[in-house]
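**Student:** Quick one: structure below, then a few questions.
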């Protein structure tokens with residue numbers, strides 16, 4: 001891949017997905033785009049790039065973007081986060097909502113492990129949660145909707161007893177059971193886009209997402225998340241993700257890494 005192609009890829013990723021593609025990932029980008037080029041009938045990545053730049057096609061552009069997004073995830077990643085969610089937040093929110101379902105958004109859900117982990121936490125606690133899980137990648141969402149994971153994937157973060165409680169073994173895969181599936185709805189969404197409805201959530205998980213975004217895009221994404229969160233709701237970022245000056249919409253919760261609530265400025269604006 002030429003430096004010129006990579007420069008244009010950086011612009012494509014930043015404008016369409018808000019993602020940061022640094023120069024040290026050029027070889028990785030070429031490696032990930034190889035299978036895309038072959039599936040689309042191109043002999044080389046360079047030939048695919050030339051076709052894309054000559055006649056930009058939305059479908060091909062999104063296939064390229066999806067291949068370069070970071071798909072890394074696993075069940076109950078950063079386990080203390082899920083303990084806080086299930087053991088502390090859910091009971092308090094359920095009482096505050098007088099038993100109504102807790103509305104949860106897994107934003108940037110990748111292949112679904114986070115969303116299923118949230119559903120398991122709620123169901124194990126005997127509480128009702130309605131979980132919406134979204135991602136930009138159609139390929140990731142296809143896997144998430146299937147609820148099917150290999151032995152390696154299912155054991156990455158889950159104990160054997162949890163696997164048996166919530167997944168059925170079908171040949172070489174483990175498939176999310178019907179009770180688990182009933183708690184999660186998957187959909188495609190771009191975090192750069194403003195909401196087109198008034199639906200708001202009690203809890204939003206957007207972990208290990210903004211750290212991969214262009215700094216210029218982060219504040220807008222965080223403001224969009226703030227508008228989708230109820231005033232007494234909570235936002236989870238990755239435990240090592242910090243807002244710094246990216247947004248004035250949230251403030252951290254002391255003693256809970258990665259947990260944020262709305263700032264006084266955001267609450268005043270809403271009032």
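**Student:** Got a sec? Which of 22, 44 is over 13 Å from residue 67 (Cα atoms), out of contact with any strand residue (DSSP E or B) (no Cβ under 9 Å at 6 or more places or on another chain) and modelled with pLDDT of 90 or more?
**Tutor:** Just one listed residue meets the conditions, 44.
**Student:** Among the residues of the range 80-96, are any outside any helix (DSSP H, G or I), in contact (Cβ under 8 Å) with a residue 24 or more places away in the chain and surrounded by 15 or more Cβ atoms within 10 Å (Cβ to Cβ)? Reasoning before the result, please.
**Tutor:** Looking only at the range 80-96, we keep the residues that are outside any helix (DSSP H, G or I), and these are none.
No; the residues of the range 80-96 include none that is outside any helix (DSSP H, G or I), in contact (Cβ under 8 Å) with a residue 24 or more places away in the chain and surrounded by 15 or more Cβ atoms within 10 Å (Cβ to Cβ).
**Student:** Might you let me know whether the range 128-135 holds any residue that is under 22 Å from residue 59 (Cα atoms), in contact with a strand residue (DSSP E or B) (Cβ under 9 Å, 6 or more places away or on another chain), surrounded by fewer than 21 Cβ atoms within 10 Å (Cβ to Cβ) and free of Cβ contacts under 8 Å to residues at least 60 places away in the same chain?
**Tutor:** yes
**Student:** Check 55, 103, 27 and return the single one that is touching a strand residue (DSSP E or B) at 6+ places or on another chain (Cβ under 9 Å) and more than 20 Å from residue 166 (Cα to Cα).
**Tutor:** Working: 55 fails: touching a strand residue (DSSP E or B) at 6+ places or on another chain (Cβ under 9 Å); 27 fails: touching a strand residue (DSSP E or B) at 6+ places or on another chain (Cβ under 9 Å).
Within the list 55, 103, 27, the selection yields 103.
**Student:** Given the residues 192, 229, 222, which is the only one that is surrounded by 13 or more Cβ atoms within 10 Å (Cβ to Cβ) and within 26 Å of residue 91 (Cβ to Cβ)?
**Tutor:** Residue meeting the stated conditions: 229.
**Student:** State yes or no: is residue 55 in the same structural domain as residue 190 (by TED's automatic domain parsing), within 29 Å of residue 31 (Cβ to Cβ) and surrounded by fewer than 21 Cβ atoms within 10 Å (Cβ to Cβ)? Explain how you work it out, then say what you get.
**Tutor:** On the way: in the same structural domain as residue 190 (by TED's automatic domain parsing): no; within 29 Å of residue 31 (Cβ to Cβ): yes; surrounded by fewer than 21 Cβ atoms within 10 Å (Cβ to Cβ): yes.
No, not satisfied.
The rows are residues; the columns are (1) modelled with pLDDT of 90 or more; (2) within 23 Å of residue 111 (Cβ to Cβ).
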residue: 10; (1), (2): yes, no
residue: 32; (1), (2): yes, yes
residue: 38; (1), (2): yes, yes
residue: 59; (1), (2): no, yes
residue: 69; (1), (2): yes, yes
residue: 76; (1), (2): yes, yes
residue: 82; (1), (2): yes, yes
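**Student:** Are any of the residues in the range 103-112 modelled with pLDDT under 95 and either over 20 Å from residue 134 (Cα atoms) or not in a loop (DSSP other than H, G, I, E, B) (or both)?
**Tutor:** Taking every residue of the range 103-112 in turn, none turns out to be modelled with pLDDT under 95 and either over 20 Å from residue 134 (Cα atoms) or not in a loop (DSSP other than H, G, I, E, B) (or both).
The values are calculated or read from the model by the stated rules, or taken from the named source; none is laboratory data. Being a predicted model, the structure only gives us computed values, none of them experimental. Glycine also receives a Cβ, built like all others from the backbone with ideal geometry; neighbour counts cover every protein chain displayed.
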